[in-house]
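As structure tokens, the structure follows; a few thoughts come after it.
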Amino acid sequence: MTTTRQKGFTLIEVMIVVAIVGILAALTYPAYKQSLLKGKRAQGRTALAELLQQQERFMTQRNCYLAFTTNSTTGAATAVAASDCGFTTSTTVPFKTFSGDSLTSAAYVLSANACTNSGSAVSMKDCVQLVATPKGTDSEVGNLTVTSTGSKDCTGTAKTTNFSLCWP
């Protein structure tokens with residue numbers, strides 16, 4: 001009588017493969033998440049640079065920057081009244097107010113306000129501060145900010161520990 005050997009994998013072999021795949025996934029997933037965050041932060045910095053260019057163009061035409069807030073859900077931007085510039089809340093915001101191609105896929109929503117000097121607001125004719133607020137959570141970097149005078153900042157823990165995460 002000849003015995004035929006069954007072809008296939010034993011349960012032990014399958015479990016070893018599953019364990020190896022699990023270990024590899026556990027090691028690579030944090031690096032994958034950091035890579036995604038890094039890409040989103042770059043998208044936010046790019047959006048701020050583009051908005052700053054648009055604000056500078058607006059400044060040359062109107063002799064004042066435009067402050068505005070953006071609703072993170074709807075993407076609707078509302079101008080902030082600036083009496084020294086003659087703008088009212090009914091002024092339309094002619095800028096792109098989110099990062100990326102569309103609001104649904106955007107990593108950040110953008111807003112603009114007056115710069116501050118020792119806690120008091122500076123005229124919108126002199127300086128504007130642009131803020132990129134993440135739609136998701138990013139405790140390391142938080143909000144990215146840049147001013148028309150060139151200063152850059154962030155609100156997360158990296159502000160004091162590793163500022164190059166905010167602005168490389």
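Here, each number is a calculation from the coordinates, and none is a lab measurement. Computed from a predicted structure; not experimentally measured. Every residue, glycine among them, receives a Cβ derived from its backbone with ideal geometry; neighbour counts consider all protein chains shown.
Relative to the longest principal axis of the Cα atoms of the chain, the long axis of helix 11-62 makes an angle of roughly 10 degrees. The residues VAL80, VAL109, VAL14, when put in order of fewest to most other Cβ atoms within 10 Å, stand as VAL14, VAL80, VAL109. Just checking the listed ones, SER72, SER118, SER99: in the Gaussian network model of the chain with Cα springs under 10 Å, the one fluctuating most is SER118. Each of (i) 15.8; (ii) 18.7; (iii) 16.4 is a candidate for Kirkwood radius over Cα pairs in Å; the one calculated from this structure is (ii).
Calculate for the chain the 222 nm mean residue ellipticity that helices alone would give, adding -39,500 (n - 2.57) per DSSP H run of length 4 or more and normalising by residue count, nearest 500 deg cm²/dmol.
-12000 deg cm²/dmol
Only aspartates and glutamates eight or more places from LYS125 in sequence, or on another chain, were considered; those with a Cα closer than 18 Å are GLU56, ASP84.
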